[in-house]
Amino acid sequence: KRAKGFFDVVAYTGNSTAGRTVSHSLGVAPEMMWVKNRSNIEGWLVYNTTIGSTNHMDLNLTTATAPSSGYWNDTDATSTVFTVGTHSTVNASSQTYIAYLFASLDGISKVGSYTGTGVAGSGTPLNIDCGFSNGARFVLIKRTDDVGSWYFWDTTRGIVTGNDSTLRLDVADAESTSYDAIDPYSAGFTINATGQDINNLNAEYIFLAIA
């Protein structure tokens, strides 16, 4: 649910003006945002502080980070507003939008990043420390420097030592249980797979974890 420092939802109407600011009630600067045009056929645009306000990603696509001056107006979000450009995905005149804002809150949520090691398993775990006390109940991961799906897991379907129930936001596929992607870790989660998707050597990834 909406909570100061963790999550906020904002509805607004576009005006096609570059540098337009949209007020929010998150209380801190959002580290990740998902914005969707509700009036027209457009993708889900993603803002993330790791890739910066001069870039963007698409929640419904597997594409890597791309330049985005028309989306965020090359302006970082603040604790009170976020800024949009003139692109129809975020700010067409008279069209309506919904924005979901996320931030890191101690013990509750973590928006972060990591670099892939290309190795995994019990002998060489890639532990992602989110500062949690009982592990992550929800994890979303996306590669930023190359193509890759938006993979996510939750404890309702199973974040376990063994094969995990994996879903992707960018495809209509059913969930897969074909490999052991991540494992429980008391402070966050453990990457237990290798390869392009979530742990390629020296690849860059962003994540959203909720305790």
Number of positions in segment 39-94 that are open to solvent by 20 Å² or more (accessible area, probe 1.4 Å) and assigned to a helix (DSSP H, G or I): 4
Looking at residue 187, is it open to solvent by 20 Å² or more (accessible area, probe 1.4 Å), of a type in the set (A, V, I, L, M, F, W, C) and in contact with a Cys (Cβ under 9 Å, 6 or more places away or on another chain)? no
Tally time: how many residues in segment 97-118 are among the β-branched types (Val, Ile, Thr), under 19 Å from the mean Cα position of the chain (by Cα) and assigned to a loop (DSSP other than H, G, I, E, B)? 1
Exactly one of these conditions fails for residue 121: (1) part of a loop (DSSP other than H, G, I, E, B); (2) closer than 24 Å to residue 34 by Cβ. Give me its number. (2)
Restricting the first residue to segment 80-103 and requiring it to be among the β-branched types (Val, Ile, Thr), which pairs with a second residue that is at pLDDT below 95 and open to solvent by 10 Å² or more (accessible area, probe 1.4 Å) meet a Cβ separation below 8 Å and a spacing of at least six or different chains? 86/70
What is the one condition in (1) closer than 21 Å to residue 66 by Cβ; (2) surrounded by fewer than 19 Cβ atoms within 10 Å (Cβ to Cβ) that residue 157 does not satisfy? (1)
Go through segment 1-40 and count every residue that is over 19 Å from residue 140 (Cβ atoms), touching a strand residue (DSSP E or B) at 6+ places or on another chain (Cβ under 6 Å) and either hydrophobic (A, V, I, L, M, F, W, C) or modelled with pLDDT under 95 (or both). 3
Being open to solvent by 60 Å² or more (accessible area, probe 1.4 Å) and touching a residue at least 24 places away in the same chain (Cβ under 8 Å) is the filter here; which residues of segment 116-129 pass it? 119, 125, 127, 129
Over segment 191-211, the set of residues open to solvent by 10 Å² or more (accessible area, probe 1.4 Å) and assigned to a strand (DSSP E or B) is 195, 204, 210
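The values are calculated or read from the model by the stated rules, or taken from the named source; none is laboratory data. Quick caveat, the model's predicted, so the values are computed rather than measured. Backbone-built Cβ (ideal geometry, glycine too); neighbour counts: all protein chains shown. In case anyone asks, the SASA skips ligands and DNA or RNA and just uses the protein heavy atoms, side chains included. Shrake-Rupley method; radii C 1.70, N 1.55, O 1.52, S 1.80 Å.
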